[in-house]
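Heads up: the structure comes next, in structure tokens.
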Amino acid sequence: MIQLLFSLIFAEKALIVIFVFKTPLRKLVIIGLDRVKRGRGPIIVKTVAGTVFVVMMSTIYSVASIHTRWVDEGADITPTDQILLAQHLLEASLMGFALFLAFMIDRLHHYIRELSIRRKTMEAVKKQNRAFEDGKSGASEEIKTLEGEASALRGKIRQLESELVEKAKEASNAEANAGALRKQSEGFLLEYDRLLEENQNLRSQLQSLDRKLSRSESKKVS
């Protein structure tokens, strides 16, 4: 389970890195995500995300149950409970991180598509504005009409340019978040190594306790 979650997180991080840099591979990824979001794709994605969320909540409930049992019984923490608690915490953290990365990928895809649509719209408006300016005739009434239309088009261009600037800022913020996520994933890897080491130590302690108990029982029997 943990290896599968780490593989999913690395794949999501690779997609975010592809989104950050403008390469031909990014176009292929965008086309693929566009196809995924058509038809039954969104339903399948939401079903998988909901399943992961339910499993994460179940894991968090298991952690809370172990903690509540320790508090209610007032007993010392056993090595087995420590191993289970560390494993549940790691699984819940990885599932939450994977869901967060999936949301980031969806938002980055949405912003990139919006920027592309805005650029195409702005180029079409500029072409239309040039056509109106080039097609002005000598008649005063037609000139006034065309000037009014050109003014409206210029206002629309300014509006689109402001929206483009806002979308560019949102994309830069998303890129900054991607860098922060990369640092956070490195922290998760270090925490995973530490938990594995603690897991091995606790297993060795548990085995030594089992051997001592078996020796004491054999002495009682003899």
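Helix screen, the chain: DSSP H segments with Cα axial length of 20 Å or more and mean Kyte-Doolittle hydropathy at least 0.5 are 2-20, 41-73. Legend: calculated FRET efficiency, Ala168 to Lys120, from the Cβ-Cβ distance at R0 = 22 Å, rounded to 0.05, equals 0.90. Take each peptide in 40-53, 166-179, count the other Cβ atoms within 10 Å of every residue, and average; sorted highest first, the result is 166-179, 40-53.
Our estimate of slack between Ser216 and Ile157, defined as 0.36 nm per intervening residue step minus the Cα-Cα distance, is 12.7 nm. Computed over protein heavy atoms with a 1.4 Å probe, the accessible surface of the chain works out to 68 Å² per residue. Per residue, the chain reaches -34000 deg cm²/dmol at 222 nm when only DSSP H runs of four or more residues are counted, each adding -39500 (n - 2.57). One chain, two ends: Ala131 and Thr47. Fully extended at 0.36 nm per residue, the span grows by 25.3 nm beyond their Cα-Cα distance.
Working value for the chain: equivalent-ellipsoid semi-axes of 62, 15, 14 Å, each the square root of 5 times a Cα gyration tensor eigenvalue, largest first.
Gyration tensor analysis over the Cα atoms of segment 157-222 returns equivalent ellipsoid semi-axes of 62, 9, 4 Å (largest first, whole Å). A viscosity of 1.306 mPa s and a temperature of 10 °C, combined with the Kirkwood radius over Cα pairs in Stokes-Einstein, give a translational diffusion coefficient for segment 1-58 of 121 µm²/s. Peptides 58-66, 105-113 ordered by packing proxy, namely the average of other Cβ atoms within 10 Å per residue, highest first: 105-113, 58-66. The charge dipole of the chain, taken about its Cα centre with unit charges on the Cβ of Lys, Arg, Asp and Glu (plus for the first two, minus for the last two), comes to roughly 700 debye.
Highest average first, the peptides 87-93, 18-24 ordered by how many other beta carbon atoms sit within 10 Å of their residues are 87-93, 18-24.
Entry for segment 96-189 at q = 0.20 Å⁻¹: log10 I(q)/I(0) = -0.94, Debye formula applied to identical alpha-carbon scatterers, no solvent contribution. Shown here are the Rg and Dmax of the Cα trace of segment 1-124, at 20.1, 73 Å. With all protein chains in place and a 1.4 Å probe, the accessible surface of the chain carries 59 percent carbon and sulfur.
The values are calculated or read from the model by the stated rules, or taken from the named source; none is laboratory data. What you see is a predicted model, and the numbers here were worked out from it, not measured in a lab. Cβ: placed from backbone, ideal geometry, glycine included. Neighbour counts: every protein chain shown. Protein only, heavy atoms only, side chains kept; ligands, DNA and RNA dropped before computing areas. Shrake-Rupley method; radii C 1.70, N 1.55, O 1.52, S 1.80 Å.
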